[in-house]
Every structure is written in structure tokens, then in C-alpha cells.
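Asker: Pasting a structure here, questions to come.
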Amino acid sequence: TSDGPDQSQTVTIIATDAQGLTSTVAFTLVVNNQAPVISMDAVSVTVKEGTAAFMTGTISDAGMDTVTLAASIGTASDNGDGTWTWLFDTNDGPDDSQMVTITAVDSDGAIAQTSFELIVNNAGPVLSFDASSPLLFEGQTATKSGTIADIDGVATLTASQGTIVLNPDGTWTWTDITSTSFEAPPQRVVLTATDQDG
């Protein structure tokens, strides 16, 4: 048998002797469907937010059934060679972390599932600026500008001194009035960017 329950039927056996006399017996053949068998190549996958998560595995079906794949999140594809591939574009760690279930359903409605853990780590903001240190005279205003980017949004941008303005387009400007004392030593300014995940 190769396809249950489609091959279920009544089977008739007819015996005929040399004189042409016959005897008939019949019975019912019941072919039960078997669910697909699906497995994964790893129990978990770990990525940084903003990157694609990827998982592979194998799938088979004992009969001639067509098997359809579905994923609880992302996209699961049957590669046609006994393997499957799952892809998901992450954008928010750790909030995208979850258990992912791949479901295989054959054309007779039998279901098989496998699950793995998706771990999405948060990626910190990327802060950039011109690293030069301008030489200023006392009383002049020091300025510095740059850009900041984070895939799940920047919550705050602060400076250890001076005033900083964060613009909606991801650019920022820092200003500070220098000391009026000629003997004031050089000062180090620290900018701190914090995303919504802290």
C-alpha cells in the first residue's frame, strides 16, 4: 500500500477449478493514513535583532500525499528534496524571542509538528561622529554633531555635560559654552545612547 485511506476497498478473491466451478470470498482492506514525519536540525537558533533567523530540517510522508508546511511565525518552505527551510526577519530583540512551531499537514489532513526556540538578542544603538577635538578659545561655543541608529528606536541620548538635541531623522547636535578661564583643562564629554530595551 502507498496511500491511505484512498486505497481502502473491498478485495474479492475468486478461485476457479479445472471444471470451471468458482468460489468467491471477499474482505475489506483498510489502509490507514500515516501522518508526515518532520524534524529540525537544531533545538534553537540565536540571532541579533535586525538579522534573518534561519532553521532547516527534514520531512517525509509514508504515502503519496502532498504535504503543506506552515510556521507560527516567519515562512516555512518545502525544498522538494526531503528538507525544509524556515526564515524570519527579526526586528526587535528580545521581544521577538519565542517558541516557533512548524506544522506539516498531508492531503488527508494528518498533522505533524516540531518546535524550536528562537532567541533574538537586543543590539545596542550605533553612535557616530567626527572624532576630532576642536581647539577653542575661552568663552566660545563648542559644537559636535553626528548620527545615531537603532533598529528598535532610540529612547534617549544624553551628554555628560553641555546640551544635546536628538533630531527625528537620526542626527544629533551637541553644544557647550567653554569656560571663561584660560587655565581650564581639556574635558572629556561622554555621550550615552539608550534604546527602548535599556
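None of the figures in this text is laboratory data; all of them are computed from the coordinates on show. Keep in mind it's a predicted model, so treat the numbers as computed, not measured. With ideal geometry, Cβ positions are generated from the backbone for all residues, glycine too; neighbour counts draw on all protein chains shown.
Asker: Report the gain in length on full extension from Ile14 to Asn32: 0.36 nm times residue separation, minus Cα-Cα distance, nm rounded to one decimal.
Answerer: 3.9 nm
Asker: Is the shape of region 103-153 best called rounded, prolate or oblate, per the rule: a/c under 1.5 gives rounded, else a/b larger than b/c gives prolate, else oblate, with a ≥ b ≥ c the square roots of the Cα gyration tensor eigenvalues?
Answerer: Prolate.
Asker: Hey, another quick one. For region 1-111, what relative contact order do you get, as a whole percent, if you take Cα pairs closer than 8 Å and at least 6 residues apart?
Answerer: Relative contact order comes out at 25 percent.
Asker: For the chain, just the Cα set please: Rg and Dmax, both in angstrom.
Answerer: Considering the chain through its Cα atoms, Rg and Dmax are 33.6, 130 Å.
Asker: Of the options Thr46, Gly74, Gln19, report the single residue whose Cα projects farthest towards the positive end of the charge dipole of the chain (beta-carbon charges: Lys, Arg +1; Asp, Glu -1).
Answerer: In the chain, that residue is Thr46.
Asker: Compute the orientation-averaged projected area for region 126-195 from the convex hull of its Cα atoms and round it to one decimal in nm².
Answerer: Seen from a random direction, the Cα hull of region 126-195 projects 4.6 nm² on average.
Asker: Apply 1/(1 + (r/R0)^6) to the Cβ-Cβ distance of Asn79 and Ser115, taking R0 = 25 Å, and write down the FRET efficiency to the nearest 0.05.
Answerer: Plugging the Cβ-Cβ distance into 1/(1 + (r/R0)^6) gives 0.80.
Asker: So what does log10 I(q)/I(0) come out to for region 37-121 at q = 0.22, 0.27 Å⁻¹, using the Debye formula with one equal point on every Cα and no solvent?
Answerer: The computed values of log10 I(q)/I(0) come out as -0.96, -1.32.
Asker: Which ordering of Leu69, Leu21, Leu127 is given by a fewest-first count of other beta-carbon atoms within 10 Å?
Answerer: Leu21, Leu127, Leu69
Asker: What is the order of Trp174, Trp84, fewest Cβ neighbours within 10 Å to most?
Answerer: Trp174, Trp84
Asker: Something else now. Pairs of Cα atoms under 8 Å, at least six residues apart: use those to get the relative contact order of the chain, whole percent.
Answerer: This gives 16 percent for the chain.
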